[in-house]
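Take a look at the structure set out below.
The values are calculated or read from the model by the stated rules, or taken from the named source; none is laboratory data. Note that the coordinates shown come from a computational prediction; the quantities given were computed from them, not determined experimentally. In this analysis, Cβ positions are derived from the backbone assuming ideal geometry, glycine residues included, and neighbour counts consider all displayed protein chains. Surface accessibility is based on the protein's heavy atoms, side chains included, excluding ligands, DNA and RNA. Shrake-Rupley method; radii C 1.70, N 1.55, O 1.52, S 1.80 Å.
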Amino acid sequence: MLKQFLNLKLSQKLSPQQIQLMKLIQLPTQAFEQRLKEEMVENPALESGKDEEELYEKDEFDNNEDDYDDYEGSENIDTEINIDEYLSDDETPEYKLQSNNYSDDDDDREMPFAAPVSFHQDLINQLNTFILSDEQREIAEFLVGSIDDDGYLRRSIPDMVDDMAFTQGIYTDEKVVEKILQIIHELEPSGVGARDLQECLLLQLKHKTPAEYVELAIDILENQFDAFTKKHYEKLLQKYEITQERLKKAIEEIEKLNPKPGGSFDSSSRVVEQIVPDFAIRIVDGELELTLNGRNAPTLHVSKDYQEMLQTYKDSRDKSHSQKDAVQFIKQKLDSAKWFIDAIRQRQETLFVTMNAIMHFQQEFFLDGEETKLKPMILKDIADMVGLDISTVSRVANSKYVDTPYGTKLIKEFFSEAMKNDQGEDVSTLEIKKILKTVIEEEDKSKPLPDDQLADILKEKGYPIARRTIAKYRELLDIPVARMRKKI
């Protein structure tokens, strides 16, 4: 039996402009500059610099003045010209159906540049120093192609034999592949092509000049690898009947090795992202002073030439099809430029008021620099202060950096939950993590503290925390369990 129901549902949908604004707010300084360049290329109605008619200079950090008066003219365009006179809804201008990204004077110029050799290409180049048959070279290159970026060959020999037969038409057997793999193991960096950590470390040790401690280290990795990884040093001392000093020297040889040989390849050619602070906080006469990076506050205006062109079309008596297309194109570009300028202003204001609220909330920390003075602070605290949505505050905090007298900090690091100390006061979990880290750093490494003892120590310091919470914070700090922190 079918029944009909009337159901009222309230939903909120963001407009395309609101979505674009949220994306702009999320962008850090460098990404914002790139986005600005793209918009300038795509929209000729958007121009940089101040309008010729502008009669005053303006501070780049002032967010309260109206510095975009120059595009007000475009707001009046719709009242000055009847767009319906030129356009109809069922017409689609030709420019929307075409793309032309080239000008007549574009030249196909090739600029020489130095391209670093990739990790895998370097391995293949090294194969040229070995005398190999065509079949052996094909197998060797297949093996090199199967090595991951860390330098490991994580696929089994039978799987690769089958894969070579089905995908490459190379028919071979496991013994041949094993023999070629031994050649791969001779390549640099040492340890490349290993199938697990144990083999990787052994390959590196066997490439070293034989010495007393090197030979002992090889023996430990070959025959007592499990005891070594679990740091059962007493078992190793009994097994080899050696002194602690000799075992320590052998372990030092192992600790010098690289567990990811591929990761260290040509590190100079790797792209290292440069952090550009989006804000700067300084202490001036005992007071905090916040500035927004000037690169986030470009001076833009709407092109006067485009506004004049639209006025020219208004005065024209020729109402041809090409005139309609031109009006549609120009109006769309003018509207887009006006919206983008307004969006940048809103972005500036949002960034500034959000960071200003964070700065005042954490005033004690910014004046002193002591991390234990960071107060518990969640996104809602700041959202309520500035009257913005929590998601907007999150976009500002997650991707922006602030330059402080104590170094450059990721803004989201200032946020933390609250916990009660033994006085019933709210303290930041950041404060507790800092104290926990300090306790672990100062422990006796020959007898590292287990989580229950760490919980007892923090309780004595006034922070009653359960053992499971200690384990959680330790993992967040990327600190291993007590057994793995043990040293001879």
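General observations
- Filter result for G407 (modelled with pLDDT of 85 or more and surrounded by fewer than 15 Cβ atoms within 10 Å (Cβ to Cβ)): yes
- The residues listed here are K487, K420; of these, the one that is open to solvent by 40 Å² or more (accessible area, probe 1.4 Å), touching a strand residue (DSSP E or B) at 6+ places or on another chain (Cβ under 8 Å) and more than 18 Å from F352 (Cα to Cα) is K420.
- With respect to being at pLDDT 90 or above and either in contact with a strand residue (DSSP E or B) (Cβ under 6 Å, 6 or more places away or on another chain) or part of a loop (DSSP other than H, G, I, E, B) (or both), V402 fits the description.
- Region 204-243, subset more than 23 Å from G151 (Cα to Cα), assigned to a helix (DSSP H, G or I) and in contact with an Asp or Glu (Cβ under 9 Å, 6 or more places away or on another chain), residue least open to solvent (accessible area, probe 1.4 Å): L216
- Residue pairs whose Cβ atoms lie under 6 Å apart, sitting 6 or more positions apart in sequence or on different chains, and linking a residue in region 341-363 that is in a helix (DSSP H, G or I) to a partner that is open to solvent by less than 40 Å² (accessible area, probe 1.4 Å) and among the hydroxyl-bearing types (S, T, Y), are I341/Y68; I341/Y71.
Here's the yes/no breakdown for (1) closer than 29 Å to K23 by Cβ; (2) touching a His at 6+ places or on another chain (Cβ under 8 Å); (3) among the charged types (D, E, K, R):
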site	(1), (2), (3)
H360	yes, no, no
K380	yes, no, yes
S391	yes, no, no
Y401	yes, no, no
I432	no, no, no
E442	no, no, yes
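- Pair list, Cβ under 9 Å, 6 or more apart: region 185-206 residue touching a residue at least 40 places away in the same chain (Cβ under 8 Å) and over 15 Å from A140 (Cα atoms), other residue surrounded by fewer than 21 Cβ atoms within 10 Å (Cβ to Cβ) and of a type in the set (F, W, Y): L197/F225; L201/F225
- Any hit, region 174-183, residues being in contact with a Gly (Cβ under 7 Å, 6 or more places away or on another chain), closer than 26 Å to E222 by Cβ and not in a helix (DSSP H, G or I): no
- Pair list, Cβ under 9 Å, 6 or more apart: region 457-480 residue closer than 15 Å to E417 by Cβ and open to solvent by less than 100 Å² (accessible area, probe 1.4 Å), other residue at pLDDT 85 or above and in a loop (DSSP other than H, G, I, E, B): Y473/I465; Y473/I479
- Within region 122-133, tally of residues that are assigned to a helix (DSSP H, G or I) and either within 12 Å of V192 (Cα to Cα) or touching a residue at least 12 places away in the same chain (Cβ under 8 Å) (or both): 5
- In region 134-163, the residues that are under 19 Å from K175 (Cβ atoms) reach residues that are open to solvent by 80 Å² or more (accessible area, probe 1.4 Å) and in a helix (DSSP H, G or I) with C-beta atoms within less than 6 angstrom, at least six apart or across chains, in these pairs: I157/E174; V161/E174.
- Positions within region 436-451 being open to solvent by 30 Å² or more (accessible area, probe 1.4 Å) and over 21 Å from H232 (Cβ atoms), in sequence order: K437, T438, E441, E442
Yes or no, residue by residue, for (1) part of a helix (DSSP H, G or I); (2) modelled with pLDDT of 85 or more:
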position: M419; (1), (2): no, no
position: Q423; (1), (2): no, no
position: K445; (1), (2): no, yes
position: L454; (1), (2): yes, yes
position: K459; (1), (2): yes, yes
position: A471; (1), (2): yes, yes
position: K487; (1), (2): no, no
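- The conditions of being open to solvent by less than 20 Å² (accessible area, probe 1.4 Å), within 30 Å of A280 (Cβ to Cβ) and either among the small types (G, A, S) or outside any helix (DSSP H, G or I) (or both) are not met by V393.
- Within region 131-170, considering residues that are among the small types (G, A, S) and out of contact with any His (no Cβ under 8 Å at 6 or more places or on another chain), the one nearest to P259 (Cα to Cα): G151
- Looking across region 364-380, the residues that are within 19 Å of K420 (Cβ to Cβ), open to solvent by less than 50 Å² (accessible area, probe 1.4 Å) and outside any helix (DSSP H, G or I) come down to L374, P376, M377.
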